[in-house]
Each structure stands twice: as structure tokens, then as C-alpha cells.
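S.K.: What follows is a structure written as C-alpha cells; I'll ask about it next.
The values are calculated or read from the model by the stated rules, or taken from the named source; none is laboratory data. All of these numbers come straight from a predicted model, not from anything done at the bench. Heads up, the Cβs are rebuilt from the backbone with ideal geometry, glycines too, and the neighbour counts pull from every protein chain shown. Note: accessible area is taken over every heavy atom of the protein model, side chains too, but ligands, DNA and RNA are not part of it. Shrake-Rupley method; radii C 1.70, N 1.55, O 1.52, S 1.80 Å.
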Amino acid sequence: MVNPLSRREVLKFGAFTTVGGVLTPGISLAQSITTDTKGITARDVQLDAGGTMIPGYDARPEAQGRYPIIVVISGFTGNSEQNKDVVRRFAHAGFYAIAPKLYSREGGMQG
């Protein structure tokens, strides 16, 4: 099997992609999508993990019932607005979704 790109070509295309991303601020400054809370219950919560309280965010449909559970894993930045929006979308789809802020015990994002 022949590799169509050499290492030099991969680096060259990577540089073009990086420069292109810097020169197109309109894309990175676009408005984020925000899912509303109509028909769901969404809130910030505190989770007890062996005596340590961990912040989190959960959402579920407003109607009483048993719902499948989804754990939404965030990146090292924690529960950003985009991550909370994902949780709300799962709730609108009929799930109980929860996103614990996993790195909070380590002091959160450091720089």
C-alpha cells in the first residue's frame, strides 16, 4: 500500500489549514446554538462522590417517568455552554442526561 502524501506534504497542508483558520475569524466567532428548556428540566447540580462534591449539569423531560440515562463527558474545560446544550438536546430526545465536571477535584482548567 502506497502512502499518497509524504511527511513534508502533510506538514505543508497542516500549515495551510492553520493559516486558513486564523484568517477566517467569522467562522470561529459564529453564534452558538442554544437549545431551550421548554418541556425539560435543566439545572446545575452538586454530585457527592465519596464525600467530595462535584459540580455537574443535568436535564430530563418534564413528564414523570423512567428515562434511559446518558452521561455526557466534557473536555478539560468542564461544562461549557456547548456541553450544557448537548445535555439539553438529549433531554429533548427523551433521555435523562447528566454531565459531571470531571476535573473539578484537580482544580479545574489551569491556564
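S.K.: Of (1) part of a helix (DSSP H, G or I); (2) modelled with pLDDT of 85 or more, Gly65 satisfies all except one. Which?
M.R.: (1)
S.K.: In the range 7-48, what residues are at pLDDT 70 or above, within 25 Å of Asn79 (Cβ to Cβ) and either open to solvent by 100 Å² or more (accessible area, probe 1.4 Å) or of a type in the set (Val, Ile, Thr) (or both)?
M.R.: Ile33, Thr34, Thr35, Thr37, Lys38, Ile40, Thr41, Arg43, Asp44, Val45, Gln46, Asp48
S.K.: If you go through the range 42-89, how many residues are among the small types (Gly, Ala, Ser) and either touching a helix residue (DSSP H, G or I) at 6+ places or on another chain (Cβ under 8 Å) or closer than 12 Å to Leu102 by Cα (or both)?
M.R.: 7
S.K.: Which of the residues spanning the range 69-111 are open to solvent by 80 Å² or more (accessible area, probe 1.4 Å) and either at pLDDT 90 or above or assigned to a helix (DSSP H, G or I) (or both)?
M.R.: Within the range 69-111, Ile69, Val71, Ile73, Glu81, Gln82, Arg89, His92, Arg105, Glu106 meet the criteria.
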